[in-house]
1. Starting at the first residue of segment 512-521, write each ³J(HN,Hα) from the Karplus equation 6.51 cos²θ - 1.76 cosθ + 1.60 with θ = phi - 60°, in whole Hz, x for Gly and Pro.
2. Roughly speaking, to the nearest percent, how much of segment 250-303's 1.4 Å accessible area is carbon and sulfur?
3. Testing the spin-label approximation: label points 7 Å from Cα along Cα→Cβ at Glu231 and Thr496. State their distance in nm.
4. What does a probe at Glu194 reach in segment 47-62, counting residues whose amide N is under 13 Å from the point 7 Å along Cα→Cβ?
5. Hey, what did the chain get for relative contact order, percent, Cα under 8 Å, at least 6 apart?
6. Got a sec to turn the phi values of segment 294-311 into Karplus ³J(HN,Hα) couplings, 6.51 cos²θ - 1.76 cosθ + 1.60 with θ = phi - 60°, whole Hz, x for Gly and Pro?
7. What's the extension gain from Arg305 to Ala488 if we count 0.36 nm per residue and subtract their Cα-Cα distance?
8. Per residue of segment 123-129, in order, report the coupling 6.51 cos²θ - 1.76 cosθ + 1.60 (Karplus, θ = phi - 60°) as ³J(HN,Hα) in whole Hz, putting x for Gly and Pro.
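The values are calculated or read from the model by the stated rules, or taken from the named source; none is laboratory data. The shown structure was predicted, so the numbers you read here are calculated from the model rather than taken from an experiment. Every residue, glycine among them, receives a Cβ derived from its backbone with ideal geometry; neighbour counts consider all protein chains shown. SASA here: full protein model, heavy atoms, side chains in, ligands and nucleic acids out. Shrake-Rupley method; radii C 1.70, N 1.55, O 1.52, S 1.80 Å.
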Amino acid sequence: MLPTTLRRALFATALSLPMMGPMLGGLAPHAAAQTAPAGNVFRWANDGDTNSMDPYTRQETFLLSFNNNVYDGLVQYGRGMQIQPALAERWELLSPTQWRFHIRRNVTFTDGSPLTAEDVVFSIARARGPGSNVAGTFQSIASIVKVDDFTVDMITTVPNPILVQELTTFQVMSKGWTERNNATRVADLTSREENFASRNAMGTGPFMLTSREPDRRTVLTPNPRWWGQVEHNLSRVEFNVIANDATRVAALLSGEIDMIYTVPPQDVDRIGRAPGLRALQGPELRTIYLGMDQLRPELLKSDVRGRNPFQDVRVRRAFYQAIDVAAIQRSVMRGQSRPTGLLYGPGVNGFLEADDTRLPLDLAASRRLLTEAGYPNGFGVTLDCPNDRYVNDEGICTAVVAMLARVGIRVTLNAQTRARFFAEVNGPRYNTSFYLLGWTPATGDAHNSLFNLARTRDGAASGVFNNGGYSNPRFDSLTDRIAVETDAAARQRLITEASTLMRDDVGYIPLHQQQIVWAMRNNVQVEQLANNYFPLRFVRMN
């Protein structure tokens with residue numbers, strides 16, 4: 001056992017980190033099932049679909065947020081991003097590496113079967129297994145122990161003061177339901193696999209899946225068995241996929257839908273002036289960035305043969321210094337972004353304004369660096385980009401293509417829908433040479449970004465989303481130390497050192513933190529969270 005002083009320090013750190021809920025907490029369960037008032041049909045739209053009803057298929061905000069309306073987690077974010085008990089009514093730290101979670105009693109899945117610790121243990125094993133894209137959530141967990149029907153212990157490999165924060169995206173599934181429907185293994189979205197859980201769902205959450213038409217419409221209705229306090233007043237939720245920006249905005253203006261989740265920046269003012277409508281804006285924790293394949297000896301999508309230009313830091317720096325993020329902010333994002341030099345931004349634990357510096361825009365330096373690296377005439381490369389995932393994602397990529405052309409880089413833009421894009425660029429294949437992605441640290445802590453995006457890929461949990469294969473042993477050591485450091489000041493110094501090292505290596509090209517912009521009718525009340533989750537349980541219609 002660790003010394004008492006260290007145990008106390010660990011407890012103190014866990015209690016003091018931002019957004020950490022109480023170590024012991026509880027919400028009173030309902031004695032009887034609840035139903036929402038009839039008649040309020042809420043219709044909303046996005047430019048892309050959730051792609052799967054299985055919450056383990058992709059570490060992506062929209063998919064996790066949508067499915068969280070059907071599946072509950074052990075913990076959840078409440079209004080204001082504070083962590084609250086959910087299926088775990090309370091938890092406690094028994095030792096620096098042993099967390100105990102007490103499972104809420106009298107909770108049932110929508111088929112009437114009871115929730116038990118068996119479902120929690122099974123769900124974690126499934127989320128860590130083949131096909132899952134969320135295994136990194138459990139990277140610090142050595143074992144899961146069922147203590148009794150309503151108690152689970154999580155044993156970590158090292159002290160992890162932010163384990164509860166790391167569990168905010170985890171959602172619990174029914175062991176019996178997945179076994180009966182041959183869905184115990186997660187269908188691998190990167191290989192476009194499907195199983196019963198891809199198009200069906202059965203959880204304990206505030207809503208139930210009623211119908212599912214992929215890439216068109218998904219319908220939810222309130223779960224009358226839900227254990228929580230019903231705050232919404234909806235009788236039916238219709239989610240529509242409307243990929244075209246103009247069509248989506250027109251549907252809101254005409255009254256065909258009540259809300260749009262992704263608002264084109266160029267339409268924000270127009271919507272704000274329209275009678276009966278309003279735009280809701282706020283800062284998002286997500287950072288948009290460009291990544292480069294630094295691992296393969298030869299790029300998959302380039303006209304350079306026999307070598308990989310991105311393995312030369314001069315080439316990476318040349319790309320960085322040719323991109324004008326101020327112009328992207330002004331012309332593409334219409335002011336709705338915050339240029340950054342980090343992979344995490346304001347609102348994230350570990351962010352310091354003094355650390356957030358960018359390499360200067362310098363076309364002459366960019367050309368000189370390319371010449372020094374042996375590419376005086378530039379070279380060709382393909383930029384993989386989604387066209388329905390982030391705010392003006394294709395527009396950003398189009399701007400990057402033009403900016404790099406000024407220094408002789410010939411970029412072919414490959415813009416695709418999110419389903420095709422993620423299957424291409426994410427692991428295990430990582431079939432990309434140059435790509436645009438975004439990342440929201442689910443824990444609200446810088447370590448989440450550093451560990452997932454930049455620690456060396458190990459084929460397991462480490463660096464799962466390090467698509468470009470950046471690797472630096474010193475950076476790995478710093479990231480591992482951040483994970484267990486319990487002194488706040490020392491931990492901050494490690495975060496600053498790791499981020500500075502990655503910036504000097506040009507491991508990535510950070511672009512900006514985007515703004516969350518939703519638009520809705522004036523009779524719709526919602527809760528906009530900084531992680532861009534959209535909890536339907538808070539929606540009310542007047």
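1. Once rounded to whole Hz, the list reads 6, 8, 8, 8, 7, 10, 10, 9, 7, 6.
2. The value for segment 250-303 is 52 percent carbon and sulfur by accessible area.
3. 3.7
4. Residues passing the 13 Å test: 51-54.
5. Values: 1179 pairs, mean separation 105.4, N = 542.
Answer for the chain is 19 percent.
6. Whole-Hz 3J(HN,Hα) from phi for segment 294-311: 10, 9, 5, x, 9, 5, 6, 10, 7, 8, 8, 10, x, 7, 10, x, 6, 6.
7. Length gained, Arg305 through Ala488: 61.1 nm.
8. 4, 5, 4, 5, 5, 9, x
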